[in-house]
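Written out below as structure tokens is the structure these notes cover.
The values are calculated or read from the model by the stated rules, or taken from the named source; none is laboratory data. What you are looking at is a predicted structure, and each value in this text was computed from that prediction instead of being measured. Every residue, glycine among them, receives a Cβ derived from its backbone with ideal geometry; neighbour counts consider all protein chains shown. These area figures cover heavy atoms from the full protein model, side chains too; ligands, DNA and RNA do not enter into them. Shrake-Rupley method; radii C 1.70, N 1.55, O 1.52, S 1.80 Å.
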Amino acid sequence: MKRIFIDYEKCVACKACEIACAIEHHPDKSVLSLVGDKKAHSNVKVIAVENINFASSCRHCDPAYCVDACPSGALKRDRFMNAVIVDPYMCKACAMCAMVCPFDAITFKKTYNSPFGRDHAVKCDFCIERIKIGLNPACVDACKTKALVFTDSESFVKSKEKADLKSFLVGHSKEPANVKLFKELKKEML
Amino acid sequence: MDEKKRSIDKAAIEMFNILDKRGYDNIWDRLEAQKPQCGYGELGVCCRICSMGPCRINPYGEEPTLGVCGADADTIVARNLVRMIAAGASAHSDHGRKPAIILKEISENKIKDYHIKDTDKLIGVAKKLNLYKEGDSYLELAAKISDCALKCYGKQDEEPISFLKAYMPKNRFKKLENIAESIEKDSGMSVGFLPRNIDRESVDILHRTHMGTDHNPLTLIVQGLRCALADGWGGSLIATELQDILFGTPHKREINANLGVLDEEFVNIIVHGHEPILSEKMVEKSMDKALIDYAKSKGAKGINVVGMCCTGNEVLMRQGIPVAGNELHQELAIMTGAVEAVTVDVQCIYPSLGKLSECFHTKFISTSEQAHFPGSLHIQFKENRANEVAEKIIKVAIDNYLFRNKHKVYIPDVKSKATVGFSVEGILEILGGTLDPLINAIKSGQILGVAAIVGCNNPKITQDYFHINLTKKLLEKNILVVGTGCWAIAAAKGSLMDMDYLNNLNVPLKEVCKSLNIPPVLHFGSCVDCSRLLVLLSALAETLNVDIDKLPVVGSAPEWSTEKAVAIGSYFVASGVPVHLWPMPPIFGAPKVIEILTKGAKELVGGYFFVDGDIDKTVETMEGIILERRNALGLNVPEYIRG
């Protein structure tokens, strides 16, 4: 099963994924429509811990704490991608899911999908409609450093395994020297 | 944010209690809200020059390695960097244009509100420029000097500008000519380091960085250095020299620095920004009896004009006006609730001041046709009605005194004594008319060398932490520290310019300073006054008959934030001075650019950049550079170092 993997060492915090996600989930599908639109939302958020950037979004766990915690049955599993998705009609915005989520990937707001104009749980829907037509999730396509990759776990782990081993055994740097220098200097800013 | 992380300034730390309790919008919170900041921007590999973009290069060496037009990381970074230099040099040089125009109008009797204040300087500058003729009237000299200055902005031939020709030491001039020739010989590319026209060098950068023009990081950077030299030995130098003529050459004086200079019982007016043209008038008018009486009629004891940032430095140097703080103090000053008006001209003024001043009675008054801010009250400044405008602004401030909310007033009782006001002329006077005592002290090792530090604050760095600690540690290494801008205000606030600070030192420098009755840390003025440092270096180089790149001097711009700082750093490098930078400039996405700026430049021009966030290591490198240069000059390593 394919998943979105994050090579956090490659994330430069440009937030292109955030913008692409917001465009994908906006009815007008245009960056201009986002400006000043409070109903626009992004399901991925770039956060920084010390000097590491991380594009964080739902991991679509299975079993998922949020699905178990939801008292109204609003969180369901999609059959196609086995993704965790929200049914805004069923959601009571009780925030149980947000409280139990280990990745803090669920927020609440009014969106274009809000029934009765109220807040509901907002989270990554895996861009299922894009995947169905053979595209990657929007955030993955937007990432120019390949920090976000959409692949099955086996191939991700394999390529990572190889790179890590190369770096550990023969000291092969995964980063160009100038980027390494940049990261070292950046640590001094903290 | 942890208060120790925001600032080490005592007054600032007191103000954070108020800021945190009342939740005012502030620069540190806005920085947090921006985090994490975009890595493409930090690395310099984002190009927004044409509409085929925006493009960014994958810094990890994978695709995309080229922008849409085909530009690689080195081209993109070099283009972005030299555009920063063009903007910084333009800001300084456009500042210099104004006193040149005023001087011209004085000579033509077209302006009544300004006069020539320092005729000695007028004659001195005329002599330096080789324009002096016995029997010339002051107005004739003013006409010649202003004409010469304005030609540096407007002439269209290929000759180097005359201010640079007159002020740059001949060895440096020759060296820069020679490097250009040798590059041409080796590569067949025609390049130049010596600026032909101050404005043209910025325009040249805008031209060559246009899509599809110059893509060679070396030629781009050489033009960047040429533009920077047009700033240092052109625009900034003209600003300093002509402002001295108009408002007086600075001499040693004592002032107070920090928010404690605001006075609860007075009408407090802050002059903030960079130019002295309006602020000199504000200072003058604040002593006008009628206006003081008017202030008294509103219940105040008088009018208290204080400075901030480089406008503050300008009036501090020439008029001894106290300074309320440097860049990161601007919001905190309004939060004291005791400021009737913040009058601003240009540069380094946060647009946040409009919204913040709405929380208080404070009037945020913009005055320049080039600088407008949301929520400001705009009172248009015009040179030919300067008295009238200054008076109007002071009246607005006085009228505003009644609206001060006493419950919101909190002025930290923090201010430091500082001995300031050093110009090259002032130094010569102190030394008895010649630089020999300074040179002898350097030769004998009583002074190891000179470090020139220039300002800015940057919320990414604890306010004043790098400035103060770097300076202290350089002093411990027996290095005389001189400098300008927000660094100078930091040093003043940090009591390093207090004569008593000498007692904390245990190096030979202490005795030199004591005998000359100067502090070990010398305030050379505003950031355009970095030109005074060039003039000082020039005088040292000429006296010793060596090039600047042989002198035991080193520069630093810790806590830098503006494009002007990039221009200043670049003209010091191009003049032969190694320059430390912190925080990181946006160049690390481009290996060739790093190579040129940190190594190639050393071979070419003698000056180069180095980047370090560790204060101890920075001091070590700076001391190493000075020792290396002393060694090359055949000066002994002083005994106290060997021992």
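Observations on the model:
- Any hit, the range B:142-155, residues being of a type in the set (S, T, N, Q) and surrounded by fewer than 21 Cβ atoms within 10 Å (Cβ to Cβ): no
- Considering (1) of a type outside the set (D, E, K, R); (2) within 14 Å of another protein chain (Cβ to nearest Cβ); (3) open to solvent by 60 Å² or more (accessible area, probe 1.4 Å); (4) out of contact with any strand residue (DSSP E or B) (no Cβ under 8 Å at 6 or more places or on another chain), the lone condition that B:Val68 does not fulfil carries the number (4).
- Every residue from the range B:291-343 that is of a type in the set (Val, Ile, Thr) and touching a helix residue (DSSP H, G or I) at 6+ places or on another chain (Cβ under 8 Å): B:Ile303, B:Val305, B:Val306, B:Thr311, B:Val315, B:Ile321, B:Val323, B:Ile334, B:Thr336, B:Val339, B:Val342, B:Thr343
- Within the range B:420-449, no residue satisfies the criterion of being open to solvent by 10 Å² or more (accessible area, probe 1.4 Å) and under 27 Å from B:Asp9 (Cβ atoms).
- Tally of residues being part of a loop (DSSP other than H, G, I, E, B) and either open to solvent by 20 Å² or more (accessible area, probe 1.4 Å) or of a type outside the set (S, T, N, Q) (or both) across the range B:353-372: 8
- Scan of the range B:222-250 for residues that are open to solvent by less than 10 Å² (accessible area, probe 1.4 Å) and of a type in the set (Val, Ile, Thr), ordered by number: B:Val222, B:Ile238, B:Thr240, B:Ile245
- Scanning the range A:111-122 for residues that are assigned to a strand (DSSP E or B) and of a type in the set (A, V, I, L, M, F, W, C) yields A:Ala121, A:Val122.
- Some residue of the range B:71-84 being touching a Lys or Arg at 6+ places or on another chain (Cβ under 7 Å), surrounded by fewer than 22 Cβ atoms within 10 Å (Cβ to Cβ) and within 13 Å of chain A (Cβ to nearest Cβ): no
- Selection within the range B:596-613 - open to solvent by 40 Å² or more (accessible area, probe 1.4 Å) and more than 14 Å from chain A (Cβ to nearest Cβ): B:Lys602, B:Glu603, B:Leu604
- Among the candidates B:Val593, B:Val554, residue that is under 23 Å from B:Cys310 (Cα atoms) and not assigned by TED's automatic domain parsing to the domain that holds B:Leu81: B:Val554
- Search result, residues across the range A:112-127 that are open to solvent by less than 20 Å² (accessible area, probe 1.4 Å) and modelled with pLDDT of 95 or more: A:His120, A:Ala121, A:Val122, A:Lys123, A:Cys124, A:Phe126, A:Cys127
- Matching entry among B:Asp118, B:Asp113, B:Asp147, B:Asp136 (being touching a Gly at 6+ places or on another chain (Cβ under 7 Å) and on the phi < 0 side of the Ramachandran plot): B:Asp118
- Of A:Lys187, A:Lys166, A:Lys132, all but one fail to be open to solvent by 70 Å² or more (accessible area, probe 1.4 Å), in contact (Cβ under 8 Å) with a residue 24 or more places away in the chain and either within 9 Å of chain B (Cβ to nearest Cβ) or in contact with a His (Cβ under 6 Å, 6 or more places away or on another chain) (or both); the exception is A:Lys187.
- Positions within the range A:55-79 being open to solvent by 70 Å² or more (accessible area, probe 1.4 Å), assigned to a loop (DSSP other than H, G, I, E, B) and of a type in the set (D, E, K, R), in sequence order: A:Asp62, A:Arg79
- With respect to (1) at pLDDT 95 or above; (2) surrounded by 14 or more Cβ atoms within 10 Å (Cβ to Cβ), the lone exception for A:Met99 is condition (2).
- Residue satisfying all of: in the range A:38-48; in a loop (DSSP other than H, G, I, E, B) and in contact with a helix residue (DSSP H, G or I) (Cβ under 8 Å, 6 or more places away or on another chain); most open to solvent (accessible area, probe 1.4 Å) among these: A:Ser42
- Per-region count, the range A:7-37, residues under 9 Å from A:Ala147 (Cβ atoms) and either crowded, with 21+ Cβ neighbours inside 10 Å or more than 14 Å from chain B (Cβ to nearest Cβ) (or both): 4
- Those helices (runs of 4 or more DSSP H) of the range B:216-314 in which 1 or more residues are in the same structural domain as B:Met84 (by TED's automatic domain parsing) occupy B:217-230, B:236-247.
This table checks each residue for (1) buried (at least 24 other Cβ atoms within 10 Å of the Cβ); (2) assigned to a loop (DSSP other than H, G, I, E, B).
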residue: B:Gly455; (1), (2): yes, yes
residue: B:Gly525; (1), (2): yes, yes
residue: B:Glu542; (1), (2): no, no
residue: B:Ser561; (1), (2): no, yes
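- For the range B:112-131, the count of residues that are open to solvent by 10 Å² or more (accessible area, probe 1.4 Å), of a type outside the set (D, E, K, R) and in contact with a Lys or Arg (Cβ under 7 Å, 6 or more places away or on another chain) is nonzero.
- Subset of the range B:49-65 (residues that are within 11 Å of another protein chain (Cβ to nearest Cβ) and surrounded by 16 or more Cβ atoms within 10 Å (Cβ to Cβ)): B:Cys55, B:Arg56, B:Ile57, B:Asn58, B:Pro59, B:Tyr60
- Listed by first and then second residue, the pairs with beta-carbon distance under 7 Å, at least 6 apart or on different chains, first residue in the range A:170-183 and more than 7 Å from chain B (Cβ to nearest Cβ), second outside any helix (DSSP H, G or I), are A:Lys180/A:Ser173; A:Lys183/A:Asn51.
- Condition met for B:Lys185 (touching an Asp or Glu at 6+ places or on another chain (Cβ under 8 Å), modelled with pLDDT of 95 or more and over 17 Å from B:Glu159 (Cβ atoms)): no
- Subset of the range B:614-640 that is free of Cβ contacts under 8 Å to residues at least 60 places away in the same chain and not in a helix (DSSP H, G or I) - its residue that is farthest from the other protein chains (Cβ to nearest Cβ): B:Gly634
- In the range B:21-48, the residues that are in a loop (DSSP other than H, G, I, E, B), in contact with a helix residue (DSSP H, G or I) (Cβ under 7 Å, 6 or more places away or on another chain) and either surrounded by fewer than 21 Cβ atoms within 10 Å (Cβ to Cβ) or within 12 Å of chain A (Cβ to nearest Cβ) (or both): B:Tyr24, B:Asp25, B:Gly44, B:Val45
- Any hit, the range B:54-66, residues being small (Gly, Ala, Ser) and modelled with pLDDT of 95 or more: no
- Out of B:Ser561, B:Ser570, one residue alone is more than 12 Å from chain A (Cβ to nearest Cβ) and under 16 Å from B:Ile221 (Cα atoms). It is B:Ser570.
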